[in-house]
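Trainee: The structure is given below, and queries will be raised subsequently.
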Amino acid sequence: PPTPARARREWPWLIPLPGFIFLAVMTFPPLFYALYLAFVNVDSSLPNRAVRFVGLDNFITILFGESGRQAIITTGILAFGASLLAIVVGIGVAYLLYTYAGRWTMPLTVLILVPMAVSPVAMALTFSLMLNPLYGPLPQVINQLGGPLISVTSTPVGAILTIICAQAWQWSPLAVVLLLGGIQGLPSAPFEAARLDGASGWQLFRFVMLPLLRPIIVVTGLFEFILCSQLFVAAQLLTNGGPGTSSTDLSFLIYKIGVADAGRVSEAAAAGLLALIGAIIVANVWLRVSKWEDTVH
């Protein structure tokens, strides 16, 4: 019989096969059922209506309908905004830890990871209490500085910024950990050469550290976008999609049209598939724009 080493050489596809089979069993059935729903006219509010094939009608309704188009745009703004803020915070905190924390780096890193351990529901409720205009600390501080005592989430801009900050607060610790590990693994020779040439601390950071961290930043940005795109809890508990529909993202719209309000299951399935396709497109575009092929060589 062939040895394990020979089997790995002759049939390398056998190594990932068990994992692929497990993922296929777990993901393909619901995916195929969602595909079926997206191309028919299932509506839970009309249980006696005959199910028939409607083609791309559900996708067209989501893409070109006012609520669907606005939800897609809002999702992009929220996900990209939160991801960008998380990466910026991650780079800054990781640099400070590496430069100034010394032997306290590990305890402080563990402390920074606490937001990731918090339930998204608890996170959203905490932010909601902090922003409450009656007893929340932030509106009170704004009022003491001469501003009006109003709810921060009562305006479209305030609601969007609130969700972005909440998402970035919860997921920026991942960026800190990844980027801190990347900084600690950088070679010392480029930094020593730059110091000999008289480079300042800012020049070392801008022209030496950041270019060397580029592969880690690319991967971190992809992870942050995936995590920050999970907006349903924040949109529901912090703003309830409002004011109006200004902070209704695609996941919250799926919940409203498929479960809470309308029961249009097929439209909700089409919106979910569009979200999946959009995530795949964004990931591929991000890797190409960031020139991932160049960073790994």
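The values are calculated or read from the model by the stated rules, or taken from the named source; none is laboratory data. These numbers were taken from a predicted model, which means no experiment stands behind them. Cβ placement follows ideal geometry from the backbone for every residue including glycine, while neighbour counts extend to all protein chains displayed. Note: areas computed on protein heavy atoms with side chains; ligands, DNA, RNA excluded. Shrake-Rupley method; radii C 1.70, N 1.55, O 1.52, S 1.80 Å.
Trainee: Could we say that SER67 is open to solvent by 70 Å² or more (accessible area, probe 1.4 Å), in contact with a Gly (Cβ under 7 Å, 6 or more places away or on another chain) and touching a residue at least 40 places away in the same chain (Cβ under 8 Å) here?
Mentor: Answer is no for this residue.
Trainee: Give all pairs with beta carbons closer than 9 Å in which a residue from segment 206-221 that is over 14 Å from VAL177 (Cβ atoms) and free of Cβ contacts under 8 Å to residues at least 60 places away in the same chain meets a residue that is in a helix (DSSP H, G or I) and open to solvent by less than 20 Å² (accessible area, probe 1.4 Å); count only pairs at least 6 apart in sequence or on separate chains.
Mentor: Qualifying pairs under 9 Å: PHE207/ALA194; VAL208/ALA194; LEU212/GLY182; LEU212/ILE183.
Trainee: Might you let me know whether segment 38-56 holds any residue that is open to solvent by less than 70 Å² (accessible area, probe 1.4 Å), part of a helix (DSSP H, G or I) and within 28 Å of THR245 (Cβ to Cβ)?
Mentor: Among the residues of segment 38-56, at least one is open to solvent by less than 70 Å² (accessible area, probe 1.4 Å), part of a helix (DSSP H, G or I) and within 28 Å of THR245 (Cβ to Cβ), which makes the answer yes.
Trainee: Another one. Considering every residue within segment 140-152, establish whether at least one is surrounded by 13 or more Cβ atoms within 10 Å (Cβ to Cβ), in contact (Cβ under 8 Å) with a residue 24 or more places away in the chain and either assigned to a helix (DSSP H, G or I) or β-branched (Val, Ile, Thr) (or both).
Mentor: no
Trainee: Moving on. Out of (1) farther than 22 Å from ILE280 by Cα; (2) touching a strand residue (DSSP E or B) at 6+ places or on another chain (Cβ under 9 Å), the odd one out for SER67 is which?
Mentor: That leaves (2) as the condition not met.
Trainee: Only one of LEU97, LEU131 is among the hydrophobic types (A, V, I, L, M, F, W, C), crowded, with 17+ Cβ neighbours inside 10 Å and closer than 25 Å to GLY244 by Cα. Can you tell me which?
Mentor: After ruling out the rest, the residue left standing is LEU131.
Trainee: Restricting attention to segment 177-231, which residues are open to solvent by 50 Å² or more (accessible area, probe 1.4 Å) and closer than 29 Å to ILE77 by Cα?
Mentor: Within segment 177-231, VAL177, LEU178, ARG206, PRO211, LEU212, ARG214, ILE216, VAL219, PHE223, ILE226, GLN230 meet the criteria.
Trainee: Still on this structure: Determine if segment 260-273 includes at least one residue that is more than 19 Å from VAL40 (Cβ to Cβ), modelled with pLDDT under 90 and assigned to a helix (DSSP H, G or I).
Mentor: Yes: one or more hits.
Trainee: I would also like to ask the following. Could you please let me know if THR162 is surrounded by fewer than 18 Cβ atoms within 10 Å (Cβ to Cβ), under 27 Å from the mean Cα position of the chain (by Cα) and either touching a residue at least 12 places away in the same chain (Cβ under 8 Å) or on the phi > 0 side of the Ramachandran plot (or both)?
Mentor: Judged against the criteria, THR162 is not a match.
Trainee: Out of the residues in segment 1-37 that are open to solvent by less than 70 Å² (accessible area, probe 1.4 Å) and closer than 15 Å to GLY272 by Cα, which is modelled with the lowest pLDDT?
Mentor: So the residue we want is THR27.
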